[in-house]
Amino acid sequence: FAWTLGFAAHQGRRIVASAAAKVRAGYPFRDRDVRWDAAALRLYGAWTLLAGVVAGLVGIGGGMVLGPLMLAMNIDPRVSTATTGTMVLLTSSTVAAMAVAGGDVPVTYALHFASTCLAGAYAGRAAAEAHVGRTGRASVLVGALAAVGCAASAGCAAMMVG
């Protein structure tokens, strides 16, 4: 834990220093670029740590919590969706590998569901890209993220009640 926190602090200092250098050089920031400074780093770092704790406590991917945060940071929805997907992939792959290695899940089940999920991910990505290309609006990504968040919340609530 201490090593990971130290690594995060080191990377945070690098991000802030890089952003300060860009400002000094007159870098043309885009509307959706995050303006990193010490205050933003502390705020988003705290939310990220909280997201990790929540993800560990309830067993969801950190991307389910960080996706809305990235949208609140005004990050482009395509970047937020890609980052969220990567975090969910890493979290779920690790848990699945541990379950298979521990003998809790047969390898054939894991391969079947992994293949099915991969096909669904490609289909969803193709549909989202087609929609954004046709309309120029990434709002479908925000809607999909909200739907997944609501479904996850409803699932957690149902498990607590039942």
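The values are calculated or read from the model by the stated rules, or taken from the named source; none is laboratory data. Owing to the predicted nature of the structure, the values given are computational and were not obtained by experimental measurement. With ideal geometry, Cβ positions are generated from the backbone for all residues, glycine too; neighbour counts draw on all protein chains shown. Calculation scope for accessible area: heavy atoms of the full protein, side chains included, ligands and nucleic acids excluded. Shrake-Rupley method; radii C 1.70, N 1.55, O 1.52, S 1.80 Å.
For the chain, the fraction of C-alpha pairs farther apart than 22 angstrom is 55 percent.
Using R0 = 30 Å, the C-beta based FRET efficiency linking T94 and A127 works out to 0.65. With the simple spin-label model, which puts each label point 7 Å out from Cα in the Cβ direction, the N74 to A146 separation comes to 2.0 nm.
Mean-square fluctuations from a GNM of the chain, with a 10 angstrom spring cutoff on Cα atoms, peak among V107, V140, V79 at V107.
First select every other residue whose beta carbon is under 9 angstrom from the beta carbon of A138; then total the charges, Lys and Arg +1, Asp and Glu -1. Computed value for this residue: +1.
Surface composition of the chain: carbon plus sulfur atoms hold 70% of the accessible area, using a 1.4 angstrom probe and ignoring ligands, DNA and RNA.
Applying 0.36 nm per residue to the separation of M159 and A46 and subtracting their alpha-carbon distance, the gain on full extension is 37.9 nm. Under Stokes-Einstein, with the Kirkwood radius over Cα pairs as Rh, the value for region 78-162 at 37 °C and 0.692 mPa s is 220 µm²/s. With helices as the sole contributors, the chain gives -28500 deg cm²/dmol at 222 nm; each DSSP H run of n ≥ 4 counts as -39500 (n - 2.57), and the sum is divided by every residue. When R14, R134 are compared by accessible area of protein heavy atoms, the largest-first order is R134, R14, using a 1.4 Å probe. A Gaussian network model of the chain, with springs between Cα atoms under 10 Å, assigns the largest mean-square fluctuation among M98, M73, M87 to M98.
Which Cα, out of A55, V16, N74, lies furthest along the positive dipole direction of the chain (beta carbon charges, K/R +1, D/E -1)? So the residue we want is V16. Around the Cα centre of the chain, unit charges on the Cβ atoms of Lys, Arg, Asp and Glu (plus for the first two, minus for the last two) sum to a dipole of about 580 debye. Which one, A147, A110, P28, is farthest towards the positive end of the dipole of the chain when Lys and Arg carry +1 and Asp and Glu -1 on their Cβ? Value computed over the given set: P28. Among D33, D76, D104, the largest mean-square fluctuation in a Gaussian network model of the chain (Cα springs under 10 Å) belongs to D104. Placing a label point 7 Å from the Cα of A110 along the Cα-to-Cβ direction, the residues of region 70-102 whose backbone N falls under 19 Å of that point are 88-102. For region 89-98, the Karplus equation 6.51 cos²θ - 1.76 cosθ + 1.60, evaluated at θ = phi - 60°, returns couplings of 4, 5, 5, 5, 5, 5, 5, 5, 4, 5 Hz by residue, with Gly and Pro reported as x.
Helix 62-72 and the long axis of the chain differ in direction by around 40°, with both axes built from C-alpha atoms.
Summed over the residues of region 113-162 and divided among them, the accessible surface reaches 71 Å² per residue at a probe radius of 1.4 Å.
For region 145-158, putting each phi into the Karplus relation 6.51 cos²θ - 1.76 cosθ + 1.60 with θ = phi - 60° gives couplings of 4, 5, 5, 5, x, 5, 5, 5, 5, 5, x, 4, 5, 5 Hz, in residue order, rounded to whole numbers and with x for Gly and Pro.
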